[in-house]
1. So, in the range 133-151, of the ones that are open to solvent by less than 50 Å² (accessible area, probe 1.4 Å) and free of Cβ contacts under 8 Å to residues at least 60 places away in the same chain, which residue ends up nearest to the chain's Cα centre (by Cα)?
2. Restricting to the range 657-685, what's the tally of residues that are in contact with a Leu (Cβ under 6 Å, 6 or more places away or on another chain) and part of a strand (DSSP E or B)?
3. If I filter the range 81-99 for residues that are in a helix (DSSP H, G or I) and open to solvent by 30 Å² or more (accessible area, probe 1.4 Å), do I get at least one hit?
4. Here are some conditions: (1) more than 16 Å from Thr579 (Cβ to Cβ); (2) assigned to a helix (DSSP H, G or I); (3) not acidic (Asp, Glu). Ala495 meets all but one. Which one does it not meet?
5. Does the range 606-622 hold any residues that are among the hydrophobic types (A, V, I, L, M, F, W, C) and either touching a residue at least 60 places away in the same chain (Cβ under 8 Å) or not in a helix (DSSP H, G or I) (or both), and which are they?
6. Quick check, is Arg474 within 24 Å of Gln516 (Cα to Cα) and either in a helix (DSSP H, G or I) or open to solvent by 10 Å² or more (accessible area, probe 1.4 Å) (or both)?
7. Failed condition for Pro37, given (1) free of Cβ contacts under 8 Å to residues at least 24 places away in the same chain; (2) outside any helix (DSSP H, G or I), with all others met?
8. In the range 623-637, what count of residues is obtained for those that are without any contact (Cβ under 8 Å) to a residue 12 or more places away in the chain and open to solvent by less than 40 Å² (accessible area, probe 1.4 Å)?
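The values are calculated or read from the model by the stated rules, or taken from the named source; none is laboratory data. On a predicted model such as this, the values are computed, not experimentally measured, just so you know. Every residue, glycine among them, receives a Cβ derived from its backbone with ideal geometry; neighbour counts consider all protein chains shown. These area figures cover heavy atoms from the full protein model, side chains too; ligands, DNA and RNA do not enter into them. Shrake-Rupley method; radii C 1.70, N 1.55, O 1.52, S 1.80 Å.
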Amino acid sequence: MSSLPISTDEIQEAIQRARAGLVEGSASIRAAYEARPATATVLKGRARLVDQAIVALWEVCGMPRNGALLAVGGYGRGELFPHSDVDLLVLLPSPADGDLQARLSTLVGALWDVGLEIGYSVRTLDECLEAAAQDITVQTNLLEARLLHGNAKLFAAFDERYHAMLDPRAFYKAKQLEQEQRYARYNDTPFSLEPNCKESPGGLRDLQMLGWIARAAGLGHNWRDLARRRLITGAEASDLRSIERFLQHLRIRLHYLTGRAEDRLLFDYQEKLARALGIEGTAAKRASEVLMQRYYLTAKKVTQTNIILLQNYATEFFPDRGGTAIVINDHFQAVRELLDIRAEDTFQRHPSALLECFLLLQQRSELKGMTARTLRALWLNRTRVNAAFRADPANRALFLQILQQKRGIVHEFRRMNQYGILSRYIPPWRRIVGQMQHDLFHVYTVDQHILMVLRNVRRFTMGEHAHEYPLMTRLILGFDRHWLLYVAALFHDIAKGRGGDHSKLGMADAREFCEQHALAPEDTALVVWLVEHHLTMSHVAQKEDTYDPAVIRRFADVVQTERRLTALYLLTHADIRGTSPKVWNGWKGKLLEDLFFATQRLLRGATPQQALGLDDRQEDARRMLRFHGLRPGVEDELWSELDAVYFMRHSPEEIAWHTRLLYYRPTSDEPVVKARVSEEDQGVQVMVFTPDQKDLFVRLTGFFGRMGFTILDAKVHTTRHGYALDSFMLQDPGNAEHYRDVIALIEHELTERLRHPGPPDRPAGGRLSRQVRHFPITPQVSILPDESGKYYILSLTAADRPGLLYSVAEVLARNDIDLHTAKIATLGERVEDTFLLTGRGLSQEARVVKIERELLERLQV
C-alpha cells in the first residue's frame, strides 16, 4: 500500500481542474448534441469526460498500484446520461488499512467536490463474489464492470471468477422476479399519464434487463447478436435499436430540461420535451399529447418484445422443459405450458384463430400464455381483422364467448389490446389507445382506464375478492347475464376525445355493437342505457341532496327498474375506482350505497319517506343506544328538538353517536366538540354542538383548513331550540396515519375557539398542484332554486386548492346566506361541490348574480 503523504494543495488544484474540465466538457457535449442530436454524443462523451476526471483524482490521491478502480452499472457500460449517478468499485487484493481508508475518504470527498453524484463500494475480490452471490442487484451491477485505472491483472482475475460463478438460469429467474416487482410498483401498466421513462413497464429498464440476461448467458452484447442467434428477427432488432434511441433521447432531454436526474415524464415537462424533440401539435392534439402517444406506442412495443424475448431465453436456458407438443385442435397445440400455432401460416389460412387463441387461453387453465412465435404471428396478422372478419357471424360468436367465460377475461382483453386485435375488432377503440385525459383525476390513458374498470367489474364476481366489496359481490352474483356489464364497461368512455358529450356519442357505438352481435333487445337497451347514464349515479350521490325525497324520486324515475339500478351501481363503483387509486374512498362508497338502498326501497313500492327510512333509522339508532346500555326514552328530549331533515341526513350510527354524547345536555351553554376516527380509518368525523352564532361555518372551515384537513362532507343543522348541530368528515391527504393522534387536539382547540370567539382562522396558504398549474380549470358557479322553492342550490366546479371551502363560506356569510348542507366531491385535483342554501336575498336575481361573481373571483387560481 502506498504511504506517500497526500498534498492538500495538490488535491485542491486537481479538484479545480477537474471541475472546470467537467463544466467545459459538459457544455461542449451539450452544444454538439443540440447541433446534431445523437445519443452516443452524450452517453459515450460524458462517460469519457467523467473517466478523465476520476482517473486524475485517483492518481493525485496516491491510490495504491495494486488496487483497481472499476466503473460499474451503466457507467461500466461506457454510457452516462447528463445527470446519472456514477457507480464505482475500488477493488483491492486485501482489506484496506487505516492509511488507505483515509485516502479513499479523501478521494470520495474530492469526487463529490467536483460535482459528481457518486455511488461507490470498496471490496476485495472474495468480498465482491460473496456480495454478488447474495444480492442480484450487486451481481447485475458488476456484470458490465470496466477497468478505469490500476491493477489490470487483479481486474482480469475478478472478471474470470465473476463470470465463472454466473449461473444464467438463476440470473434469468431472479431478473424476471425483479421485473415483476418493479412492474407492480407502477401498477403493471406503461400507460399512466406521468410514466417513468426509465423504470415504468416499457421503459429503458426493460431493454437493459434483456441485455443483462443476454450478456450473463454469453448470448451477445447487442440486438444484432440476438438476431444472429434467432432469438429475435432482424426486423425486431432494428425496431429495438430505434426504440432504444427514442427512449434515450427522451431521457437525455429530460435531464437537460430539469437540470437533474429526473426520469418522470411529469405534466410540467411534457410540452417542453415535445418542443425539444421537434414534435409539433395538430389541430386536435397538443404537442405534449402527440409526444405521449408516441411514448405509449413505444412502451407497448417494448413490452411486446420483452415477453417474446423472455420466452426465447427460457427455451434457451431450459431446453429440458420442452416436452412433446400436445395437440389441442386443428389450429393450436400446447408447448411448454404455452399456446402454440401448429403452423406458421395458421392465422393466414384461418383468420378466426385470431380470436380463438384468446378463448383457448381462458378455457385451458394449464396454459400460461402464448409462445413467442404465436405472439409474433398474432401481431403481424392483426390487419386480417377487417370489415369482412367483423361481419362474420362465427367471429362475432367467438367474441361473445370470450366475454362470457368464467376466467381470464381481463387478461385476454389486455392481451388483445396489447397486440392490436381489440382496436381492429372494435374500430372506435383505435381512437382511445394511448389517449391522455386532462381532467385532473384520471391517471391512466382512456383505453387503460376502461380496462381497469373492466377489471373492477370482473373482480366483483371472484370469490377471492369477495372480502373487498361484499355487497358488490352479492349483487353481481344475483345479476343474470352479468357479462353485459363487461360490454357496458368497454363502451362507457369509448367516445372520449371526440368533442361533445361522450356518454351520448358512446351510445351509438354500444348500440351498433349489440345489434351486430344479435343481443336480445332488452340486453341492448340495458347496455346502451348504462353507457348513456354511467355518470348519473355518481353525480347524484356526490352533488345532490340524497336525503331529499324529491331527489330520490327523480333518480328512481331515471332508473325505472331494479335491474338497471343494480347494473348502474356496479358500473359506477367500478368506474370511480378505475380512475385513480387516490379518488376512491370509503366515504364515497357510503354515498353510493345509501343512494342505492334508498332507490331500491322506492322501486319496491315504498313511499319516498319510507325509502329514506326515517322510521327505520330511528329504530336502528334506538337499538344501538340500548346496546350501549342507555335506557329507553333517554333520547326523547334531544330528539324532540330535531326535525325529520336531521334524521334523513344522518345514518343510524351517526344519530346514535350524537345522542350518546348529547342526551344528558340538550341545552348546554358550553360548546360540545367530539371527534373519532371514521369507519375503515378513512378520516376523522367531527361533531360540533353549540348555541348558534354568527359566521359559525366560516369559523369551523377556517379552523379545519388551518389544521391541514380537507373537508369531504359537511352536514349543517340548526335545532328547533337554536343550537347548531354540525357534522364534518375530514381527511388529511398528506398524513392519513395520524388521525387518532389529533382527536384530542381537535376537541380541545376547537372548543376553546368556540368558547372565546375571535376572528376566524385563515387556512394556511398552500402550493397549487402541478396538474392544476398545467391543466387549469375555469371555475363555474350557479345558484338556482330547488323544485320546492324552499331552498337554493349552489353548484360550483373549480380546481382544488387549500382553503377553498373557507373562501366559499366567507362569501356566503358576508352576504347573510345560511348554509344547510355541503356536498364536497373531490375528484383528484378537481372539486365539484354542492351547497343547500337559504337567505332572503336569493330570490333577487341581481343579488344572486353579485354573489356568483364574488364566488368566481375567490375561486380563480
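1. Only one residue fits best here, namely Ile136.
2. Of the residues in that region, 3 qualify.
3. To start, the set of residues in the range 81-99 that are in a helix (DSSP H, G or I) comprises 98-99.
Still in the running and open to solvent by 30 Å² or more (accessible area, probe 1.4 Å): 98-99.
There is at least one residue in the range 81-99 that is in a helix (DSSP H, G or I) and open to solvent by 30 Å² or more (accessible area, probe 1.4 Å).
4. Answer for Ala495: the failing condition is (2).
5. Our first condition is that a residue be among the hydrophobic types (A, V, I, L, M, F, W, C); within the range 606-622, this holds for 606, 611-612, 614, 621.
Passing the criteria: Ala606, Ala611, Leu612.
6. Details: within 24 Å of Gln516 (Cα to Cα): no; either in a helix (DSSP H, G or I) or open to solvent by 10 Å² or more (accessible area, probe 1.4 Å) (or both): yes.
The answer is no for Arg474.
7. Among (1) free of Cβ contacts under 8 Å to residues at least 24 places away in the same chain; (2) outside any helix (DSSP H, G or I), Pro37 violates only (1).
8. Summing the residues that are without any contact (Cβ under 8 Å) to a residue 12 or more places away in the chain and open to solvent by less than 40 Å² (accessible area, probe 1.4 Å) in the range 623-637 gives 1.
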